Amino acid sequence: MTQSSPRGPLVEFLVGAWNAVNFTRKLILNLIFFGLLFLLLLVFIAALGAGAGKPVLDGTTLVVAPEGRLVEQYSSDPATRALNKAMGGRGAGEVQLRDMLRVIDAAAKDKRIERVVLRVDELQGTGMASMREVASALARVRASGKQVLAFAEALDQSQYLLAAQADEIYLDPMGGLLLEGLGRYRPYYREGLEDKLGVDVHLFKVGEYKSAAEPYVRDDASPEAKEADLYWMNDVWQRYLADVAKARELTPAQLAESIDQLPALIAAAQGDLAQYALQRKLVDGLKTREQFEDLVAERGEKDEDAPGGFRQVSLDGYLTHLNLSRKASDARPQVAIVVAEGEITGGEQPPGTVGGESTAALLRDARDDEKVKAVVLRVDSPGGEVFASEQIRREVDALKKEGKPVVVSMGDLAASGGYWISMNADRIYADPSTITGSIGIFGLIPTIPRALDKIGVHSDGVGTTRFAGAFDLTRPLQPEVGQVIQSVIDKGYRDFTGKVAQARGKPVADVDAVARGRVWTGTQAKERGLVDDLGGLQAALDDAARRAKLGKAGEYRVRYLEKAATPFERLFGGFAESRIGAQWLRESGMAQALIARASPQAAADLRFIERALQPAAGVPVKALVHCFCALD
């Protein structure tokens, strides 16, 4: 047996230091492990209790204060939405139209809801058709005998359409409200692209009114574009004036006068926009938020522990309550709603964008599901790629052949490709202020040899035929190649008008007369036979149920067909919506870095042309059915 020699002081120090480092390493790892375990436990608890909510008591005031854009469908997953909400994100959030309508309509029938308080100054810009649906729901609350009160610190004219439905509107004394009319102005890039950068953009289209790509080849709007835009915008504006005037017991002429004489009227109010709104009877009084809340507390049930001092439930809280009251299983036959919102592009796309494959797959799921007896396709899209639009149209046709009725409900916008996917439905509904039509085709080919020349770069080479490499953007576009592209675009337009003629039972010449890229409102489209009836989503649901012989409302179930959230997204969403999770996320710099910001319009326009350039096998140019016709 050998005896080890004693270790020297240096070795003892190094061994001790190593043991200390090793202990610290294990301690840190254990702390991280147990910290994550604790966090997961909180997530689990929060997910279980996320919808626990307080019960709705008698004398409750429903506070409808949406923040963000009003959308048909969320464009982000539950975890991202909950994260943004927990961080107090403003402007980047989204509120589903279906949720607002469901909450408001349920409140009209709920005896525990005494009144509705409306705060829409954080509701971001959206289309007029959606706003009119919400306005109609608020009018139904008033018709039920319940009071609707509105308060705002400032209102734009889109938000005011909703506030006008209230029995009483109060504005902050330092706030403002101006009605100015509808306008549509876009940046035009020809000088920047062609003269400054040397990029030549070649536009091929059919339809003198097809103006979607004009900004890339002009410095201003064409006379045809201005004529068409003003025609449908005037129709939307006159309807807006009529809606507001009816709600406020004014006349459209009085509202128009407020705009025509705006400088003099503002001067008479000494530049005080709140006083101007009061003098023109656009609001009923001027109060601070605290004064308004005191008014609500006096009229309702006091609750010192609640914000504002009155018994209340928020839009989200009431929605949670409604969701909890749903039956876990429902064997009734179904009318499925498939949402097609956003630009139409190829392949699998996330919500908020219409994917040729992903949206077609949802329609195919409805066709294969025995419980689904009818489908409502809710369209809010400016269009996009021709082939992706055709993929979706084919699935609509396949549903009909399977014996399942398909009814289209047009939202704010169902133009160009948005109309392509709609035209084969058994019936098409649109709001009078829906923007639709724009039946036309175009293609864009930019070439950059002059841009390369500016930096001393030149393109050269050889090809086995005269057309080899003819579509290379580093080479000038030959006239013969332009002829090929125009032939492809002409064929696309014939396909579009031919399919519309077949679907709508009209001669091609009649379709061409109202096509040519021309944009129409829902009312104008109905007059021209492009839509069948005027009405919202509920009208389309009723029609679909009748066609499928499902009986009265309540005898069938309405279900949205959407891509399901992952278990992690649901779990994290529940955690972020809890009070503990929201507090942790607000304090976390890491979480703040996850919130994305919106890009400006110019960047969106340039991304559009970039996507249009993505090559497709065997196709010299990507045919597009897109309409830049929404009001911002």
> Tally time: how many residues in the range 547-576 are touching a strand residue (DSSP E or B) at 6+ places or on another chain (Cβ under 9 Å) and either on the phi < 0 side of the Ramachandran plot or modelled with pLDDT under 95 (or both)?
Replying inline: 10
>> Just checking: which of the helices (runs of 4 or more DSSP H) contained wholly in the range 499-568 hold 3 or more residues that are within 24 Å of Val338 (Cβ to Cβ) and either in contact (Cβ under 8 Å) with a residue 24 or more places away in the chain or out of contact with any Ser or Thr (no Cβ under 9 Å at 6 or more places or on another chain) (or both)?
In response: 522-527, 537-547
>> Considering only the range 109-129, I want to know if a residue exists there that is in a helix (DSSP H, G or I), surrounded by 21 or more Cβ atoms within 10 Å (Cβ to Cβ) and assigned by TED's automatic domain parsing to the domain that holds Arg299.
In response: yes
> Can you tell me which of Gly51, Gly89, Gly35 is small (Gly, Ala, Ser), in a helix (DSSP H, G or I) and modelled with pLDDT under 75?
Replying inline: Gly35
> If you scan the range 214-239, which residues turn out to be in contact with a Gly (Cβ under 9 Å, 6 or more places away or on another chain) and either hydroxyl-bearing (Ser, Thr, Tyr) or closer than 21 Å to Ala166 by Cα (or both)?
Replying inline: Trp237
> If only one of Ala503, Ala470 is closer than 21 Å to Thr434 by Cα and not charged (D, E, K, R), which one is it?
Replying inline: Ala503
>> Can you name every one of the helices (runs of 4 or more DSSP H) wholly within the range 295-402 that holds 2 or more residues which are hydroxyl-bearing (Ser, Thr, Tyr) and on the phi < 0 side of the Ramachandran plot?
In response: 315-324, 356-368
> Which members of the range 459-494 meet the condition of being under 39 Å from the mean Cα position of the chain (by Cα), of a type in the set (Ser, Thr, Tyr) and not in a helix (DSSP H, G or I)?
Replying inline: Thr474
> Among the candidates Ser136, Ser158, which residue alone is part of a helix (DSSP H, G or I), modelled with pLDDT under 95 and more than 30 Å from Val457 (Cβ to Cβ)?
Replying inline: Ser158
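The values are calculated or read from the model by the stated rules, or taken from the named source; none is laboratory data. Worth saying up front: this structure is predicted, and the values here are computed from it rather than measured. Note that each Cβ is placed from the backbone with ideal geometry, even for glycine, and that neighbours are counted across all protein chains shown.
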